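Taking it in order: structure first as structure tokens, then the write-up.
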Amino acid sequence: QKEVEQNSGPLSVPEGAIASLNCTYSDRGSQSFFWYRQYSGKSPELIMSIYSNGDKEDGRFTAQLNKASQYVSLLIRDSQPSDSATYLCAVAAGGTSYGKLTFGQGTILTVHP
Amino acid sequence: DTGVSQDPRHKITKRGQNVTFRCDPISEHNRLYWYRQTLGQGPEFLTYFQNEAQLEKSRLLSDRFSAERPKGSFSTLEIQRTEQGDSAMYLCASSLAGHRAKNIQYFGAGTRLSVL
């Protein structure tokens, strides 16, 4: 079992729709959770961080965390073609003192006009 | 704040040669990380430093790999006797860890290594 699992996709949604990206993790000691966006040939760019159960909203992005189910998700509202990228879920043990990130394999998102 | 800088951006080498990559972190960041990413996969952790101390090294990391951060600023990653399986994107990230710091990791553009 991989430590962090994502559906590799591709996930295709029409412009203006909600894109839902999911991630599960195996280490119950994980305390810090991140979503990074990576355009083809570019480096990962942080979109959201979440540390507590529940929802965290930032603009069109909402991260949801359920530690009991070991599940974290990212919702993108009003999806735009510019959102087309690979979305990486990353998990770390420890709070803000965490060290390494463990990444999932990424979900490819395509938003079509 | 000029971001995380990596050099070179691309490196082509022959099998068996040694290569060295450099990473310059964001200036006030005390932590520096190295990751490796292959096509279709997420980044895989290699090692990280806090200031000049190497705090963790992946158990998957071959003895052919070594990293240094001699003065707690820039870091180098050396791969000795390269193999074709070493072909990947090598990503560097930095963060500010400590009291009240969020310790968010910011990534550089990466060094793409091709071993022929």
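The values are calculated or read from the model by the stated rules, or taken from the named source; none is laboratory data. Since we're looking at a predicted model, the values are computed, not measured. Note that we place each Cβ from the backbone using ideal geometry, even for glycine, and neighbour counts take in every protein chain shown.
May I ask you to list the residues in the range B:80-97 that are within 14 Å of another protein chain (Cβ to nearest Cβ) and in a loop (DSSP other than H, G, I, E, B)?
B:Leu96, B:Ala97 - these are the residues of the range B:80-97 that are within 14 Å of another protein chain (Cβ to nearest Cβ) and in a loop (DSSP other than H, G, I, E, B).
Of the numbered conditions (1) modelled with pLDDT of 95 or more; (2) of a type outside the set (Asp, Glu); (3) surrounded by fewer than 21 Cβ atoms within 10 Å (Cβ to Cβ), B:Leu96 fails exactly one; give the number of that condition.
Going through (1) modelled with pLDDT of 95 or more; (2) of a type outside the set (Asp, Glu); (3) surrounded by fewer than 21 Cβ atoms within 10 Å (Cβ to Cβ) one by one, B:Leu96 breaks only (1).
Can you name the residue in the range B:26-38 that is assigned to a strand (DSSP E or B) and over 17 Å from B:Lys71 (Cα atoms) and, of all such residues, is nearest to the chain's Cα centre (by Cα)?
B:Tyr35
Looking for whichever is surrounded by fewer than 14 Cβ atoms within 10 Å (Cβ to Cβ) and without any contact (Cβ under 8 Å) to a residue 60 or more places away in the chain here; the options are B:Thr38, B:Thr47. Which one fits?
Answer to the check: B:Thr38.
So which residues in the range A:87-113 are among the polar types (S, T, N, Q) and part of a loop (DSSP other than H, G, I, E, B)?
A:Thr96, A:Ser97, A:Gln105
What residue, of A:Ile76, A:Ile108, A:Ile47, is touching a Ser or Thr at 6+ places or on another chain (Cβ under 9 Å) and either closer than 21 Å to B:Gln37 by Cα or surrounded by fewer than 22 Cβ atoms within 10 Å (Cβ to Cβ) (or both)?
Result: A:Ile108 is the single residue among A:Ile76, A:Ile108, A:Ile47 that is touching a Ser or Thr at 6+ places or on another chain (Cβ under 9 Å) and either closer than 21 Å to B:Gln37 by Cα or surrounded by fewer than 22 Cβ atoms within 10 Å (Cβ to Cβ) (or both).
Among the polar types (S, T, N, Q), more than 12 Å from the chain's Cα centre (by Cα) and surrounded by 18 or more Cβ atoms within 10 Å (Cβ to Cβ): is that true of A:Ser84 in this structure?
For A:Ser84, the condition - among the polar types (S, T, N, Q), more than 12 Å from the chain's Cα centre (by Cα) and surrounded by 18 or more Cβ atoms within 10 Å (Cβ to Cβ) - is met.
So which of A:Lys56, A:Lys42 is out of contact with any helix residue (DSSP H, G or I) (no Cβ under 6 Å at 6 or more places or on another chain), within 14 Å of chain B (Cβ to nearest Cβ), in a strand (DSSP E or B) and surrounded by fewer than 18 Cβ atoms within 10 Å (Cβ to Cβ)?
A:Lys56
Find the residue count for the range A:6-33, including only residues that are of a type in the set (A, V, I, L, M, F, W, C), more than 15 Å from A:Ser79 (Cβ to Cβ) and at pLDDT 95 or above.
1
Determine whether the range A:75-86 contains at least one residue that is within 14 Å of another protein chain (Cβ to nearest Cβ), hydroxyl-bearing (Ser, Thr, Tyr) and either outside any strand (DSSP E or B) or more than 17 Å from A:Arg28 (Cβ to Cβ) (or both).
yes
Name every residue in the range B:67-79 that is polar (S, T, N, Q), assigned to a strand (DSSP E or B) and surrounded by fewer than 16 Cβ atoms within 10 Å (Cβ to Cβ), in order of residue number.
Across the range B:67-79, the qualifying residue is only B:Thr76.
Here's the yes/no breakdown for (1) within 13 Å of the chain's Cα centre (by Cα); (2) without any contact (Cβ under 8 Å) to a residue 40 or more places away in the chain:
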| position | (1), (2) |
| --- | --- |
| A:Lys67 | no, yes |
| A:Ser73 | yes, no |
| A:Arg77 | no, no |
| A:Gln80 | no, no |
| A:Cys89 | yes, no |
| A:Ala93 | no, no |
| A:Lys100 | no, yes |
| A:Val111 | no, no |
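Does any residue of the range B:98-106 turn out to be more than 11 Å from chain A (Cβ to nearest Cβ), closer than 20 Å to A:Leu101 by Cβ and among the hydroxyl-bearing types (Ser, Thr, Tyr)?
No, every residue in the range B:98-106 fails to be more than 11 Å from chain A (Cβ to nearest Cβ), closer than 20 Å to A:Leu101 by Cβ and among the hydroxyl-bearing types (Ser, Thr, Tyr).
Tell me yes or no: at least one residue of the range B:7-25 is among the basic types (Lys, Arg), in contact with a Gly (Cβ under 7 Å, 6 or more places away or on another chain), in a loop (DSSP other than H, G, I, E, B) and at pLDDT 90 or above.
Within the range B:7-25, not a single residue is among the basic types (Lys, Arg), in contact with a Gly (Cβ under 7 Å, 6 or more places away or on another chain), in a loop (DSSP other than H, G, I, E, B) and at pLDDT 90 or above.
Only one of (1) in contact with a Ser or Thr (Cβ under 6 Å, 6 or more places away or on another chain); (2) farther than 23 Å from A:Tyr39 by Cβ is not met by B:Phe49, so which one is it?
Evaluating B:Phe49 over (1) in contact with a Ser or Thr (Cβ under 6 Å, 6 or more places away or on another chain); (2) farther than 23 Å from A:Tyr39 by Cβ leaves (1) as the failure.
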